[in-house]
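Reviewing the structure listed below.
Since every read-out is calculated from the coordinates, none of them should be taken as a lab result. Keep in mind that this is a model prediction, so the values were computed, not measured. Backbone-built Cβ (ideal geometry, glycine too); neighbour counts: all protein chains shown.
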Amino acid sequence: MPEKILIVEDNPLNMKLMLMTLRNYGYTLLQATDGEEAIDFARREKPDLIIMDIRLHKMDGQEVPRRLRRMPDFKDTPIIAVTAHAMKGDREKFLGAGFDHYLPKPIDTRELPKFVAKILLSHQKSAILMSVKNDGKENPRS
């Protein structure tokens with residue numbers, strides 16, 4: 001089953017660029033244009049990865065990961081901040097808001113697919129390790 005990626009971007013050109021960049025890699029690509037829609041899509045579709053612009057309508061891009069992280073289904077879902085903000089301290093601010101990674105705009109279309117694949121692979125490995133670890137706790141072998 002292909003991984004689901006939710007792209008949250010209110011700029012149509014930026015959305016089109018990300019969709020075009022990732023569409024040939026076998027992912028199911030979902031689109032949201034504001035923070036409220038992002039949360040609705042996430043709840044309904046349970047994406048494997050969320051790529052999100054920081055400046056959004058209806059709900060700030062930093063508020064979305066805060067809300068998602070309070071939901072058990074999204075405690076470990078990788079969320080990437082994408083923004084033109086590249087000031088000193090912004091990276092730490094975004095990571096503190098619940099994002100796992102940070103990508104500055106403009107997006108490097110050659111690097112984005114590699115970055116996404118690396119994050120998804122890392123997330124899958126973590127999930128497998130947690131499953132094995134939890135299985136050992138639930139079923140002690142003696």
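Report the charge-dipole magnitude of the stretch 4-138 in Debye, nearest 20, computed about the Cα centre from +1 at each Lys and Arg Cβ and -1 at each Asp and Glu Cβ.
300
How many nm separate the modelled label positions at LYS88 and GLN31, each set 7 Å beyond the Cα in the direction of the Cβ?
About 3.9 nm, to one decimal.
Output the 0 to 90 degree angle, nearest 10, between the alpha-carbon long axis of helix 12-22 and the longest principal axis computed from the alpha carbons of the chain.
The answer is roughly 40 degrees.
Between helix 35-45 and the chain, what is the angle of the helix's C-alpha long axis to the longest principal axis, kept within 0 to 90° and rounded to the nearest 10?
Orientation of helix 35-45: about 40 degrees from the principal axis.
If you average over every viewing direction, what projected area does the convex hull of the Cα atoms of the chain give, in nm²?
In nm², the orientation-averaged hull projection of the chain is 9.5.
Along the positive direction of the dipole of the stretch 4-138 (beta-carbon charges: Lys, Arg +1; Asp, Glu -1; about the Cα centre), which of MET59, HIS123, MET20 reaches farthest?
Farthest towards the positive end: HIS123.
Quick one: of LYS16/LYS88; LYS46/LYS125; LYS105/LYS125; LYS93/LYS125, which pairs are farther than 25 Å apart, Cα to Cα?
Among LYS16/LYS88; LYS46/LYS125; LYS105/LYS125; LYS93/LYS125, the Cα-Cα distance tops 25 Å for LYS16/LYS88; LYS105/LYS125; LYS93/LYS125.
Would you mind computing, in nm to one decimal, how far apart the modelled labels at LYS58 and SER126 are, each placed 7 Å from Cα along Cα→Cβ?
So the label points at LYS58 and SER126 sit 2.7 nm apart.
Please list, or write none, the aspartates and glutamates whose alpha carbon is within less than 12 Å of the alpha carbon of LYS75, excluding same-chain residues fewer than 8 places away.
By straight Cα distance, LYS75 reaches ASP48, ASP100.
Mind telling me which of LEU95, LEU17, LEU120 comes out most flexible in a GNM of the chain, alpha-carbon contacts under 10 Å?
Checking each option, the largest mean-square fluctuation is seen for LEU17.
Return the inverse of the average 1/r over all pairs of distinct C-alpha atoms in the stretch 87-127, which is the Kirkwood hydrodynamic radius, in Å to one decimal.
11.6 Å is the Kirkwood radius here.
Using only Cα atoms and rounding to the nearest 10 degrees, what angle (0 to 90) does helix 112-138 make with the longest principal axis of the chain?
Relative to the chain, helix 112-138 is tipped by roughly 20 degrees.
Mind checking which of LEU6, LEU112, LEU30 is farthest towards the positive end of the chain's charge dipole, using Cβ charges of +1 (Lys, Arg) and -1 (Asp, Glu) about the Cα centre?
LEU112
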